[in-house]
Amino acid sequence: MARKLAAKPLLFGSLATAFEWYDYALFGYFAAIIGQQFYPSHDPITSLLATFAVFASGFAMRPLGAIFYGYIGDRVGRKYALAASLLMMAAPTTLLGVLPTYETIGVFASIGLVIIRLLQGLAVGGNYGGSFIFVIEHAPEGRQGFAGSLASFGTLGGLFLGSGAATLLTHTLSSEDLHSFGWRIPFLLGSLSAVVGYMIRKYVPEQATEASSSSQLPVKEIWQNYRGTVLRAMGIILLDGVGVYILFVFMTTFATLFLRLPEESVLFWNTLSMGSLVISIPFFGWLGDKIGAKKVLWVVSLGFLSLAYPLYSYLIESRTIESLALLQMLFSILMGAAYGTLPVVVSTAFPHYVRYTAAGLSFNISVACFGGTAPFLVTSLIEKMGNLYIPAIMIAGVGLISLICLPGIKTRE
């Protein structure tokens, strides 16, 4: 008889990703306001570009976070690495909620914003990938995909909560109040991630893992024996990183700034479609356990390649909320399938004794190099080339790369 899923690891592992990504993604949702507060300019696009550059800078720290917390996870214990990353995230997020603006302390505000974002990037590098392993290794055989999908559920749940917070504040506060103090409230609430870290450290038992026969650092062993697997994993992870940051985080800016659609309606549909995405994740995790997670990812990759251009074309030509809703709702299904199956495919591609580091590096390097920079890159290319189809081209390209990398991924228990 199959062993039941352990409740505490699943609950706290999902909460860990939810709070970590709520804290991390708020920056993107309030990018326009943060740009005006910390990088004031007469040109709103110039302020936005500066803010997206800071947004991307946090991603540069994520591979370092994966190495640092990966060593703890592979050599000391999974739960210690995960709890430490949550405690690290709580501090800079709370500081951002009280950081004085450029008007108050000048360039020091801009510098402080960069430092905060770098610390956030270091923290999330220890969570993304590690939280998937934490729940998958506590799950019985045949239910690992579903368990991993619950951690993904937490990831997108955090993004959804961030979008919901932005939507709620936009609807309840005046524009002046939102710009003066309202945007700070969600960042102050992000300090709750420290509570989740404490709960993991205190109440979740450590899972026994296969010991390494090597005295090498995990990152060195990965470089020698598994770098090809890391590269292929990075290719399929683009579905996650580039997909969510272009289709949901950047979409609010794309629709309001470039297509001139009403902000309240854009945020509403962004939140609704992300809610649909989040709800679908466990279903696709379950489906992956039944038919094979890689089969689901094949369909997702083909969907990215074939649907991106026609859906963006319809949005750009019609410039209606209905066309935006169609694009985001269809891609929410594809993204739900990706998030439901990527954790188990990537995590089980590596042996236990380097898994925390290897999966963390795969997720974080891929998202740092291509996901976190996507809003800045797309904004720059649209501004320079005047081509609104740049996001569609990037989404289709991600689908093609994933199709190329999938055959080389071999999974193990």
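Look at (1) of a type in the set (D, E, K, R); (2) farther than 23 Å from Val242 by Cα; (3) surrounded by 24 or more Cβ atoms within 10 Å (Cβ to Cβ) and you find that Arg62 fails only one, number (2).
If you take the residues of the stretch 254-272 that are surrounded by fewer than 20 Cβ atoms within 10 Å (Cβ to Cβ) and hydroxyl-bearing (Ser, Thr, Tyr), which of them is farthest from Leu48 (Cα to Cα)? Working first, answer last.
Just the residues of the stretch 254-272 that are surrounded by fewer than 20 Cβ atoms within 10 Å (Cβ to Cβ), to begin with: 256-260, 262-265, 268, 272.
The next check asks that each one be hydroxyl-bearing (Ser, Thr, Tyr); those that pass are 256, 265.
Working: Thr256: 13, Ser265: 21 Å.
By that ranking, first place goes to Ser265.
Thr46 falls short on exactly one of the conditions (1) under 30 Å from Glu137 (Cβ atoms); (2) hydroxyl-bearing (Ser, Thr, Tyr); (3) modelled with pLDDT under 85, and that condition is (1).
Residues in the stretch 31-49: is at least one among the acidic types (Asp, Glu) and outside any helix (DSSP H, G or I)? It would help to see each step written out before you state the result.
Within the stretch 31-49, the subset among the acidic types (Asp, Glu) is 43.
Subsequent filtering for residues that are outside any helix (DSSP H, G or I) retains 43.
So far as the stretch 31-49 goes, yes, one or more of its residues are among the acidic types (Asp, Glu) and outside any helix (DSSP H, G or I).
Among the residues of the stretch 19-71, write down those that are touching a Gly at 6+ places or on another chain (Cβ under 9 Å), closer than 18 Å to Asn270 by Cβ and among the small types (Gly, Ala, Ser). Result: Ala25, Gly28. Among the residues that make up the stretch 342-364, is at least one of them within 24 Å of Tyr309 (Cβ to Cβ) and surrounded by fewer than 24 Cβ atoms within 10 Å (Cβ to Cβ)? Among the residues of the stretch 342-364, not one is within 24 Å of Tyr309 (Cβ to Cβ) and surrounded by fewer than 24 Cβ atoms within 10 Å (Cβ to Cβ), which makes the answer no.
Please return the ranges of helices (runs of 4 or more DSSP H) entirely within the stretch 331-413 where 1 or more residues are without any contact (Cβ under 8 Å) to a residue 40 or more places away in the chain and on the phi < 0 side of the Ramachandran plot. Outline the logic, then answer.
Values: elements: 352-366, 374-385, 390-405.
Passing ranges, in order: 374-385, 390-405.
Taking first residues from the stretch 265-293 that are on the phi > 0 side of the Ramachandran plot and in contact (Cβ under 8 Å) with a residue 12 or more places away in the chain and partners that are outside any helix (DSSP H, G or I) and among the hydrophobic types (A, V, I, L, M, F, W, C), no Cβ contact under 8 Å between residues at least 6 apart in sequence or on separate chains turns up.
The residue that is surrounded by the fewest Cβ atoms within 10 Å (Cβ to Cβ), among those in the stretch 5-36 that are of a type in the set (S, T, N, Q) and more than 12 Å from the chain's Cα centre (by Cα), is Gln36. The number of residues in the stretch 114-151 that are assigned to a loop (DSSP other than H, G, I, E, B) and either hydrophobic (A, V, I, L, M, F, W, C) or out of contact with any helix residue (DSSP H, G or I) (no Cβ under 9 Å at 6 or more places or on another chain) (or both) comes to 2.
The values are calculated or read from the model by the stated rules, or taken from the named source; none is laboratory data. The model shown is predicted, which means the values in this text are computed figures rather than measured ones. Neighbour counts run over all protein chains shown; Cβ positions are idealised from the backbone, glycine included.
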